[in-house]
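Below is one structure, written out as structure tokens; comments come after it.
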């Protein structure tokens, strides 16, 4: 698991009626998630409405053309950390032509030995989980000589109902590049 340890889930299972474990790896995994949560809470019709809304937003994204850009998407500082292509974040960004670098990594969230651009054209600083800000943006722009932009980390990494708004947000973000 990326966020929580198995030991934590096992400990919770001793105190709550059920523990729901999710691990979406790409945008379309939201559909199964909506249905899983809907079944767990007896809200299947509401889950299907979310599926319908997500499907419309997803098809809208697929109907658009986005310019391909190589991006270094940073999620942490001290040490600098990024996302591998085997993550929900990277797969979601790819829908919008934003290919994360480095191209391959052993860890899902690798630490970077140095902050070289790794063939990136743009550096994206996520506002979540690390709260990058304009000061970080200016510092890196001077250091690396590349465009550096803040990106709403909730819109790129929070799956579930927020993923629908995330698709709209990323469409606007990618078009503005």
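Every number in this text was worked out from the coordinates using simple rules, so none of it is lab data. Because the structure is predicted, anything quoted here is derived from the model rather than measured. Cβ sites come from the backbone with ideal geometry, for glycine too, and all protein chains shown count toward neighbours.
I'd like the antiparallel share, as a percent to the nearest 5, of DSSP beta bridges with both residues in the chain.
20 percent
As I understand it, the value is the acute angle between the Cα axis of helix 29-40 and the longest principal axis of the Cα atoms of the chain; what does it come to in degrees, rounded to 10?
30 degrees
Taking the Cα centre of each part, how many Å lie between the stretch 47-78 and the stretch 141-167?
After rounding, the separation between the Cα centres reads 11 Å.
Using helices alone, I'd like the mean residue ellipticity at 222 nm for the chain: each DSSP H run of four-plus residues gives -39500 (n - 2.57), total over residue count, nearest 500.
-13000 deg cm²/dmol
With axes computed from alpha carbons, what is the tilt in degrees of helix 44-62 against the longest principal axis of the chain, rounded to the nearest 10 within 0 to 90?
Tilt relative to the chain: about 30 degrees.
Sort 21, 83 so that the residue with the fewest other Cβ atoms within 10 Å of its own Cβ comes first and the one with the most comes last. Kindly include the intermediate steps, with their values, before the conclusion.
Working: 21 9, 83 25.
Fewest to most other Cβ atoms nearby, the residues stand as 21, 83.
I need 140, 177, 72, 49 ordered by Cβ neighbour count within 10 Å, fewest first.
Working: 140 22, 177 16, 72 26, 49 13.
Placing the least packed residue first, the sequence is 49, 177, 140, 72.
How tilted is helix 134-144 with respect to the longest principal axis of the chain? Cα atoms for both, answer in degrees (0 to 90, nearest 10).
With rounding to tens, the tilt is 50 degrees.
If R₀ is 30 angstrom, what is the calculated FRET efficiency for the pair residue 138 and residue 177, using the beta carbon separation as r and rounding to 0.05?
0.95
Specify the residue with the greatest mean-square fluctuation among 22, 92, 127, computed from a Gaussian network of the chain linking alpha-carbon atoms under 10 Å apart.
Comparing 22, 92, 127 in the GNM, the peak value goes to 22.
Would you mind ranking 131, 108 so that the residue whose beta carbon has the fewest other beta carbons within 10 Å leads the list? The partial results should precede the final answer.
Numbers: 131 12, 108 15.
With the sparsest Cβ surroundings first, the list reads 131, 108.
Out of all DSSP beta bridges with both ends in the stretch 71-144, state the antiparallel percent to the nearest 5. Please report the intermediate quantities before stating the final value.
Details: 3 of 8 bridges.
That works out to approximately 40 percent antiparallel.
Taking the chain as a Gaussian network, where each spring joins two C-alpha atoms under 10 Å apart, which residue of 163, 120, 13 fluctuates the most?
Among 163, 120, 13, the largest GNM mean-square fluctuation belongs to 13.
Which of 145, 166, 97 ends up with the largest GNM mean-square fluctuation for the chain, with Cα atoms connected below 10 Å?
Comparing 145, 166, 97 in the GNM, the peak value goes to 145.
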